[in-house]
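Enquirer: Take this structure first; my questions come after.
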Amino acid sequence: MEKRRKFREHLRIVVLLALAALLVAACAQGAAPASEEMSEPAADTTSVEGVKDVPREGTLIVGWWGSDEFEESEIYTPFAIGGDYQRGLNVIYEGMAYWNAFRDETVMWQAKSFDYNDDFTELTISLRPEVMWSDGTPFTAHDVVYTINHLIEIGGEVRFGNEVKQYTKEAVAVDDHTAVITLNFSFPRYHDRFFVWKWDSGAFPIMPKHIFEGQDWATFTHYDIEKGWPVTTGPLKVVYSSPQQKMFDRRDDWWAVESGLTDALNMERVMFVVGGTDQSRLIELVTSNQIDITELQGASIRLAVERNEKVTAHYGRQAPYGYVDWWAQALWLNNEKPPFDNADVRWGISYLIDRQQIADVAYEGLTSPNPMPYPPYPGLEQYT
């Protein structure tokens, strides 16, 4: 009896500590309520000397959050040291395919298909023959093979290198539009890991061999507007880049339009501007039409929606507002250590956690409980 009582006390302490840790983490993720006092409006960011003017209605402006400058403003490769593939590279480069989480659909793009052998140790990629680099050079299997093999060769010298080297033996070009990748072991998700773009999950773009061959990938920036760099297959080109803002203009010769795969972009320009870390400033920028997209947290989301009827979020103008993040918040236990190696203990902790209270208090109602440690996307509902 005494042993059982001590175990219950121990479990109670463990649960309280676990809840405390979860609440602290949750509060750390959310932002403090935005101040009613607004900061000074941002300076006009639609005009830059030497760059053609584009009307505001033809410009999509992303107010980047969390930093006061773009340290990587002259780095336009996702592999170079100091580069950042989220703050602009994601709109000028393209993936072989894209996954739509809410339709549970993979949209093939640069590639037409991914096919494996019976034991998933060999991947064959068939490419669209109509894909072109922005300098008019055809996009081919030789670009794919060069990118993969060079990452294997240089490994940890650049981002993604070690992981590609871990999974990949070699890549060869069968012809201009067919590449075969031999894996180090069976891995049926290889294409999904490296070539299907979704969120910021680690997929990377293929580099143009005729530009990158002979370069030191760790230091090569792929940035020289006069040379037309960066060379990409995407719908936008870099026309200006500084620590405060980046400008990407629509390409009228984008291969996807010329081949009839899709329509031209509606916007003439996409801009990334520094938004900083002050939530009140971001609220002001988005509610005064100085930016179109940004990240807000906690009460800041509700405040922005209330201030301007044209401001909306993923769930529209109602809670929980925000996007269904693939990076679900969860409490993880070490199942190898007592008492967490006991399934009853883990279930006890799970039953004692009031998830709705965490959503209401820590996240101010701006999230919702989920019974599984992954988001409630349609394709995952069958496992819930």
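Bear in mind that the values in this text are calculations on the coordinates, not laboratory data. Note that this is a predicted model, so its numbers are computed, not measured. Every residue, glycine as well, gets a Cβ built from its backbone with ideal geometry; the counts of neighbours run over all protein chains shown.
Enquirer: What's the tally of Lys pairs in region 56-295 whose alpha-carbon atoms lie under 25 angstrom apart, where the two lysines are 8 or more places apart or on different chains?
Expert: Lysine pairs satisfying the spacing and distance rule in region 56-295 number 17.
Enquirer: Okay, moving on. Mind listing which chymotrypsin sites (Phe, Trp or Tyr not before Pro) in region 170-226 are in a DSSP loop and have 14 or fewer other Cβ atoms within 10 Å?
Expert: Details: sites: Phe185, Tyr190, Phe194, Phe195, Trp197, Trp199, Phe212, Trp217, Phe220, Tyr223; in loops: Phe185, Phe195, Trp199, Trp217, Phe220, Tyr223.
Counting only loop positions with at most 14 other Cβ atoms within 10 Å, the chymotrypsin sites (Phe, Trp or Tyr not before Pro) in region 170-226 are Phe185, Trp199.
Enquirer: Looking only at region 200-232, which residues have a backbone nitrogen under 15 Å from a spot 7 Å from the Cα of His142 in the C-beta direction?
Expert: The answer is 207-214, whose backbone nitrogens lie closer than 15 Å to the label point.
Enquirer: For the chain, state the semi-axes of the equivalent ellipsoid (square roots of 5 times the eigenvalues of the alpha-carbon gyration tensor), sorted largest first and rounded to whole angstrom. Walk me through the intermediate numbers first.
Expert: Working: eigenvalues 315, 201, 67 Å².
Equivalent ellipsoid semi-axes, largest first: 40, 32, 18 Å.
Enquirer: Given Cα pairs under 8 Å that are at least 6 residues apart, what percent is the relative contact order of the chain? Don't jump to the answer; show the numbers that get you there.
Expert: Values: 627 pairs, mean separation 90.1, N = 384.
Once normalised by length, the contact order is 23 percent.
Enquirer: Moving on to the next point. Once you have a ≥ b ≥ c as the square roots of the Cα gyration tensor eigenvalues for region 79-194, tell me rounded if a/c is under 1.5, and otherwise prolate or oblate according to whether a/b is larger than b/c.
Expert: Details: a/c = 1.20, a/b = 1.05, b/c = 1.15.
Rounded, because the longest to shortest axis ratio a/c is under 1.5.
Enquirer: Further question: Please identify, among Leu261, Leu296, Leu60, the residue showing maximal mean-square fluctuation in a Gaussian network model of the chain using a 10 angstrom Cα cutoff.
Expert: Leu261
Enquirer: Using a Förster distance of 30 angstrom, determine the FRET efficiency expected from the C-beta separation of Asp192 and Glu153, and round it to 0.05. Could the numbers behind the result be given before it?
Expert: Working: r = 24 Å, r/R0 = 0.79.
After rounding, the FRET efficiency stands at 0.80.
Enquirer: For the chain, what is the calculated [θ] at 222 nm in deg cm²/dmol (nearest 500), taking -39500 (n - 2.57) for each run of four or more DSSP H residues and dividing by its residue count? Show your work: numbers first, answer last.
Expert: On the way: 10 runs with 94 residues, N = 384.
Counting only the DSSP helices, I get -7000 deg cm²/dmol.
Enquirer: Okay, moving on. Sorting check: for 116-129, 265-278, which peptide has the highest mean count of neighbouring beta carbons within 10 Å, and how do the rest follow? Walk me through the numbers on the way to the answer.
Expert: Working: 116-129: 16.1, 265-278: 18.9.
So the order, starting with the most tightly packed, is 265-278, 116-129.
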